[in-house]
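Rule-based calculations on the coordinates, nothing more; no lab input. Treat the numbers as computed from the prediction; the structure is a model and nothing was measured. Counting neighbours? That spans all protein chains shown, and the Cβs are built from the backbone with ideal geometry, glycine included.
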Amino acid sequence: MIPLNDTKWIKRLLTIVIGGFVISVLTGTIALKYWWSRYPVIQRSDRLDNEIGELKAYQSSALVTLDDGRKITLPSSRNYEYAPHDLNELLKEGDYLIKHPDSDTLVIIRNKTQYTYVIGLFLNEEKRKW
């Protein structure tokens with residue numbers, strides 16, 4: 001046990017705690033920048049007309065590798081018209097994605113069925129069941 005009246009030990013302890021905090025924040029920031037640089041978030045100006053080759057879920061976002069090799073992140077989106085509501089739960093490998101430039105609408109085609117989402121928004125919230 002460290003005696004509370006020994007300021008030398010308290011200074012060392014605080015130095016270790018603060019240093020550990022700074023190192024962990026910097027490491028986390030660098031890791032996140034690297035992660036997001038590999039899967040950039042889709043932009044309004046982007047165009048998609050591809051099939052999903054590989055799919056990973058990260059929190060409420062979908063990390064998608066397209067059949068042409070591009071990697072993108074689709075942020076959390078919901079449409080309460082469908083079950084499941086969340087975009088990242090609905091998507092499957094092999095789905096076809098369509099997004100026109102300067103549009104925030106994402107169309108998913110699976111087995112001739114079309115699903116529509118607005119990227120980053122929740123649609124048909126009046127149909128939400130609590």
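Rank the residues I10, I108 as a footprinting-exposure proxy: fewest other Cβ atoms within 10 Å of their Cβ go first.
So the residues, fewest neighbours to most, are I10, I108.
In degrees between 0 and 90, to the nearest 10, how far off the longest principal axis of the chain does helix 7-38 point, with axes built from Cα atoms?
20
How many lysine pairs does the chain hold where the Cα atoms are under 29 Å apart and the two sit 8 or more places apart or on different chains?
Final tally of qualifying lysine pairs is 21.
Set the Förster radius R0 to 25 Å, insert the Cβ-Cβ distance between K112 and S76 as r into 1/(1 + (r/R0)^6), and round the FRET efficiency to 0.05.
Efficiency for this residue pair is about 0.40.
At q = 0.09, 0.12, 0.22, 0.23 Å⁻¹, work out log10 I(q)/I(0) for the range 1-127 with the Debye formula, treating every Cα as an identical point scatterer and leaving solvent out; two decimals please.
The calculated log intensity ratios at q = 0.09, 0.12, 0.22, 0.23 Å⁻¹ are -0.40, -0.55, -1.27, -1.34.
Please give, to one decimal in nm, the separation of the simple spin-label points placed at L32 and R12, each 7 Å out from Cα toward the Cβ.
3.4
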